[in-house]
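The values are calculated or read from the model by the stated rules, or taken from the named source; none is laboratory data. Fair warning: this is a prediction, and the values are worked out from it, not measured in the lab. FYI the Cβ positions are ideal-geometry reconstructions off the backbone, even for glycines, and counts take in every protein chain you see. Please note that ligands, DNA and RNA were not included when accessible areas were found on the heavy atoms of the full protein model with its side chains. Shrake-Rupley method; radii C 1.70, N 1.55, O 1.52, S 1.80 Å.
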Amino acid sequence: MTVLLMTPPMTQLNTPYPATAYLTGFLRSRGYEAVQRDPAIELFLEMMTAPALDIIRQHVEDNFESFEDDELPDAVFCFLAEFDRYRLCVEPVIRFLQGKDSSLALRITSRRFLPEGPAFDAIAQMEAVSGDILKTAFGQLGVQDKAKYLATLFINDLSAVITQGVDPYFEVSRYGERLAAANPSFDDLYNTLMGEPSFSSEILEQLVEQYLEETQPSVVALTVPFPGNMLGALRIAQTCKDINPDLPVVLGGGFINTELLVDYYAFRSTTL
């Protein structure tokens, strides 16, 4: 038996959720072939490339074709106006945040390398009151930490562009959370799954197809720790069943074992 374990989009990218790692180690200790994949991180990395930004720009321009500049969301306006700089910076910034190019820190902290969208507005507001707030926060020696902070704001701006202009369910730390969190019904979640796939879900489907081809699993196991993982988990399960209807898919995790079970028993108590 080969078990493929996945964490669906999205969890905090800088704080890996440990469930699949623990389960992978446990299953291997019992003699099972266990393979771990993190489509949340891989989805994010696929979207943060220069070619992906070209596609995002096309979607944004199509979706806001009839809008005047002053009607655009701030993040979208800045993205279109500074697109060449966003495209130039995105891959180096990802390498820096992955720890693969620490030399970029000085260019980032110069405040001349990155385009600064709405996510940077809070800095300007605080500097108007308190002076150089970044120097106060990070000091003279905190160049790497300061650069990570600024790079994160850059990523937040790009995330806002995707959410506001391309895919309303995408966020860096959650994915379609409002479709699953504390809802009296899951009709919206179902309708989303049955509708046309979004930009991010198309990438997710391609990743899952790749995982299945590489690992040929006997069973797929998904952890759903938060409501912001539910849409991604069901999209993965949907893709697995489209490829192989007989492939078992199991769900676990905090959201499944707490809120969904509470909802289930509450429903039974009112209908029996």
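A few notes on this one:
- Label positions at Ala81 and Ser110, each projected 7 Å from the Cα along the C-beta direction, are separated by 2.2 nm.
- For the chain, calculated [θ]222 nm from helices alone, where every DSSP H run of n ≥ 4 adds -39500 (n - 2.57): -17000 deg cm²/dmol
- Packing around the peptides 4-10, 24-30, 169-175, taken as the average count of other Cβ atoms within 10 Å per residue, puts them in this order, highest first: 4-10, 169-175, 24-30.
- Close amide-amide hydrogen proximity is noted between Phe113 and no other residue 5 or more places distant or on a separate chain, at a cut-off under 5 Å (H modeled in the peptide plane; Pro and chain starts excluded).
- Distance (nanometres) between label positions extended 7 Å along Cα→Cβ at Thr2 and Asp54: 3.3 nm
- Per-residue HN-Hα couplings for the range 8-13 [Karplus 6.51, -1.76, 1.60; θ = phi - 60°; Hz; x = Gly/Pro]: x, x, 10, 10, 4, 5
- Percent accessible area from carbon and sulfur atoms, the chain, protein chains only, probe 1.4 Å: 52 percent
- Amide H contacts of Ala221 (H built 1.01 Å from N, under 5 Å, at least 5 apart or other chain): Leu4, Leu5, Met6, Val250
- Anisotropy class of the range 1-48 from Cα gyration tensor, a/c 1.5 cut: prolate
- Sorted largest first, extent of the chain alpha carbons per principal axis (Å): 61, 47, 37
- Note on Asn244 and Ser185: the model spin-label points, each 7 Å out from Cα along the C-beta direction, lie 3.6 nm apart.
- Summed over the residues of the chain and divided among them, the accessible surface reaches 53 Å² per residue at a probe radius of 1.4 Å.
- Karplus-based coupling profile of the range 104-114, in residue order and whole Hz: 6, 4, 5, 5, 5, 6, 5, 6, 10, 8, 8, with θ = phi - 60° in 6.51 cos²θ - 1.76 cosθ + 1.60 and x standing for Gly or Pro.
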